[in-house]
Ligand SMILES: CC(C)(COP(=O)(O)OP(=O)(O)OC[C@H]1O[C@@H](n2cnc3c(N)ncnc32)[C@H](O)[C@@H]1OP(=O)(O)O)[C@@H](O)C(=O)NCCC(=O)NCCS
């Protein structure tokens, strides 16, 4: 008896910001962004739209498409680095928006871009041990409100959106065959938000110096990303007793097309089996994998019996992968 992803949904904000739009407001070019990252455009949340609003819409999308009521969930987990507020959790704000009366536990999972895969590991454990029956696991970010728009090296890389997944028990041979997660906190300084926490509380100086936005040592992150994505994919495949050739569709975290290309090559999964969303949605951190999974399903790229490999890395550093039989 194993846990299974039984339903998906997603939400992308209406506003689309293209590389050509960015050319008009900063010293960059469509050519630079496309050739260095693979990104053409990204979705941007409205001024009054926060992470929990997008999660609520992704959940509504999941519920409508699968004929489920949110009152059926017995736990809500939101993986995010860009919560509505430092506290309470985004998951609690989601309960408020959906006016949920079922009083189920709700909490956030913070593990950088790997957050949703960390959530999958936790959800699978709770479901398989019998402690929960229907976990709503979302991954969502409002990165546009977390980046420094004067820093062209990071601002162009990210987008906003939310993905929702439902994790339940299955009795057939489908479901989550393996998960693998890891972290290396000695690399925390390479990708983080310096101010706004207990280390460096908000002050006039921190606001002036834009220390409440993403700091990233891009080149170093790139190198580790490929290494950790390869390792995670290989470990998850090994735990599932499968090889790269068995993978029907690969859904990697989408931070940079060049990272994806290098990972595919090292793991041995061809690009033709790899589902790419970075061109249209950029990097949505913890939202990337659940949104990409839902888009792949909507495009009929995931079929019953398919072996789906998902793989991510992110700030922390964190990394992880999962192998699922659909
Ligand atoms: C950020 C990243 C795209 C930069 O690409 P790169 O090829 O390493 O580029 P560099 O940082 O070496 O910068 C090269 C030049 O482009 C410039 N540049 C940076 N951003 C630019 C932009 N948006 N437009 C135009 N030029 C830009 C730099 O200033 C630099 O100019 P210089 O040589 O005159 O100093 C790349 O390092 C990357 O993707 N890293 C991983 C990021 C990641 O995965 N983050 C998410 C973690 S989940």
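Each value in this text was obtained by applying a stated rule to the coordinates, not by laboratory testing. Predicted model only: the values in this text are computed from it and were never measured. Positions of Cβ are backbone-derived with ideal geometry, glycine not excepted, and every protein chain shown enters the neighbour counts.
Counting only DSSP beta bridges with both residues in the chain, the antiparallel share comes to about 70 percent.
Using the per-residue mean of other Cβ atoms lying within 10 Å as a proxy for protection, in what order, highest first, do the peptides 233-241, 206-214 fall? Walk me through the numbers on the way to the answer.
Details: 233-241: 19.6, 206-214: 15.6.
Taking the mean over residues of other Cβ atoms within 10 Å, the ranking is 233-241, 206-214.
Going from the residue with the fewest nearby Cβ atoms within 10 Å to the one with the most, 66, 253 rank 66, 253.
A Gaussian network model of the chain, with springs between Cα atoms under 10 Å, assigns the largest mean-square fluctuation among 288, 179, 18 to 18. In terms of other Cβ atoms within 10 Å, 11, 180 run from fewest to most in the order 180, 11.
Annotation for region 78-113 versus region 253-326: alpha-carbon center distance of 24 Å.
Report relative contact order for the chain in percent, whole number only (criteria: Cα-Cα under 8 Å, sequence separation at least 6). Before the final figure, lay out each step's value.
Numbers: 786 pairs, mean separation 83.9, N = 326.
Dividing the mean separation by the residue count of the chain yields 26 percent.
One Cα centroid belongs to region 1-57, the other to region 193-231; the line between them spans 20 Å.
Taking every DSSP bridge with both residues inside region 176-325, close to 75 percent are antiparallel.
Return the FRET efficiency for the residue pair residue 184, residue 1: r is the Cβ-Cβ distance, R0 is 30 Å, and the value is rounded to the nearest 0.05. Please list the in-between numbers first.
On the way: r = 33 Å, r/R0 = 1.10.
Computed FRET efficiency for residue 184 and residue 1: 0.35.
Think of it as helices only: each DSSP H run of n ≥ 4 in the chain is worth -39500 (n - 2.57), and spread over all residues that comes to -10000 deg cm²/dmol at 222 nm. Compared with the rule-of-thumb size 2.2 N^0.38 Å for a compact globular protein, region 176-325 has a Cα radius of gyration ratio of 1.14.
Of all DSSP bridge pairs formed entirely within region 2-171, close to 70 percent run antiparallel. Each distinct pair of alpha carbons in the chain adds a 1/r term; the inverse of their mean, the Kirkwood radius, is 19.6 Å.
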